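Enquirer: Sharing a structure here in structure tokens format.
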Amino acid sequence: MSREYPSRPFVGVGAVVVDDGRVVLVRRGQPPLAGAWSLPGGAVELGETLEQAVRRELLEEIGLHVTVGPVVDVLDRITRDAAGQVQFHYVLVDYLCWPDGGMLTAGSDVGEVTWARPVELEQYGLTDAAVAVIDRALRMAAGKVVTIGPECE
């Protein structure tokens, strides 16, 4: 099934990769958001867990092996064409991650990749949703946000 004009939403994963107060940003090479800066990630493949998808996508897109942490947010990304038809629909699960190997490099799905500090985010033209996810992830990484999950029960 095509991701463009789908008959159902696709599940995708994203990551806020944090290191020394910086986060990884990618300039998308493919639609949707081709040419725009965003968080790295992509679609979950059949038979793959969400965490496996995060690890695979980050290795493919940015060349890093990561430790996958908690979920930061779950959101919809729905793009409509000029006629109002749904052109793309993803349900995205964004994770907090830390690098633990590899070298930051742009993979085939991205045009550029960079480390950015929070004070630099405005220059990348990120969506409000991406900025909010980054802010929440950085607060989580600093221990300022309490998460509730299986490890807390």
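Enquirer: Of everything in segment 1-53 that's of a type in the set (Ser, Thr, Tyr) and in contact with a strand residue (DSSP E or B) (Cβ under 8 Å, 6 or more places away or on another chain), which residue is nearest to HIS65 (Cα to Cα)? Steps first, please.
Expert: Taking segment 1-53 first, the residues of a type in the set (Ser, Thr, Tyr) are 2, 5, 7, 38, 49.
If we keep only those that are in contact with a strand residue (DSSP E or B) (Cβ under 8 Å, 6 or more places away or on another chain) as well, we get 5, 38.
Details: TYR5: 32, SER38: 19 Å.
The selected residue is SER38.
Enquirer: Within segment 22-64, which residues are of a type outside the set (D, E, K, R) and assigned to a helix (DSSP H, G or I)? Even if it seems obvious, please write down each step before you answer.
Expert: Within segment 22-64, the subset of a type outside the set (D, E, K, R) is 23-26, 29-44, 46-47, 49-50, 52-54, 58-59, 62-64.
Answer for segment 22-64, where residues must be of a type outside the set (D, E, K, R) and assigned to a helix (DSSP H, G or I): LEU50, GLN52, ALA53, VAL54, LEU58, LEU59, ILE62.
Enquirer: Right, here's the next one. I need the full set of residues from segment 76-98 which are surrounded by fewer than 18 Cβ atoms within 10 Å (Cβ to Cβ) and outside any loop (DSSP other than H, G, I, E, B), in order please.
Expert: Of all residues in segment 76-98, those surrounded by fewer than 18 Cβ atoms within 10 Å (Cβ to Cβ) come to 76, 78-87, 91, 98.
Selection gives ASP76, ILE78, THR79, ARG80, VAL86, GLN87, VAL91, TRP98.
Enquirer: So, one more: Name the pairs: first residue in segment 15-28 and over 17 Å from GLY42 (Cα atoms) and touching a residue at least 24 places away in the same chain (Cβ under 8 Å), second residue of a type in the set (D, E, K, R) and outside any loop (DSSP other than H, G, I, E, B), Cβ to Cβ under 9 Å, at least 6 apart or on different chains?
Expert: Partner pairs satisfying both residue conditions: ARG22/GLU120.
Enquirer: If you check ARG117, ARG80, which single one turns out to be on the phi < 0 side of the Ramachandran plot and free of Cβ contacts under 8 Å to residues at least 12 places away in the same chain?
Expert: Numbers: ARG117 fails: free of Cβ contacts under 8 Å to residues at least 12 places away in the same chain.
Residue meeting the stated conditions: ARG80.
Enquirer: What do you reckon, is LEU46 surrounded by fewer than 14 Cβ atoms within 10 Å (Cβ to Cβ) and among the hydrophobic types (A, V, I, L, M, F, W, C)?
Expert: yes
Enquirer: Free of Cβ contacts under 8 Å to residues at least 60 places away in the same chain and either under 17 Å from ASP128 (Cβ atoms) or surrounded by 15 or more Cβ atoms within 10 Å (Cβ to Cβ) (or both): is that true of VAL68 in this structure?
Expert: Yes; evaluated as a whole, the condition is true for this residue.
Enquirer: Additional query: Under 13 Å from the mean Cα position of the chain (by Cα), modelled with pLDDT under 95 and of a type outside the set (Ser, Thr, Tyr) - does that describe any residue in segment 83-95?
Expert: Within segment 83-95, none of the residues are under 13 Å from the mean Cα position of the chain (by Cα), modelled with pLDDT under 95 and of a type outside the set (Ser, Thr, Tyr).
Enquirer: Checking the structure you have, find out if any residue of segment 20-40 is at pLDDT below 95, within 27 Å of GLY143 (Cα to Cα) and exposed (fewer than 14 other Cβ atoms within 10 Å of the Cβ).
Expert: Yes, that holds for at least one residue.
Enquirer: Quick one: in segment 101-121, which of the residues that are aliphatic (A, V, I, L, M) and part of a strand (DSSP E or B) is surrounded by the most Cβ atoms within 10 Å (Cβ to Cβ)?
Expert: For segment 101-121, the residue satisfying everything is VAL110.
The values are calculated or read from the model by the stated rules, or taken from the named source; none is laboratory data. Not measured: the values here are computed from a predicted model. Cβ atoms come from the backbone with ideal geometry, glycine included; neighbour counts cover every protein chain shown.
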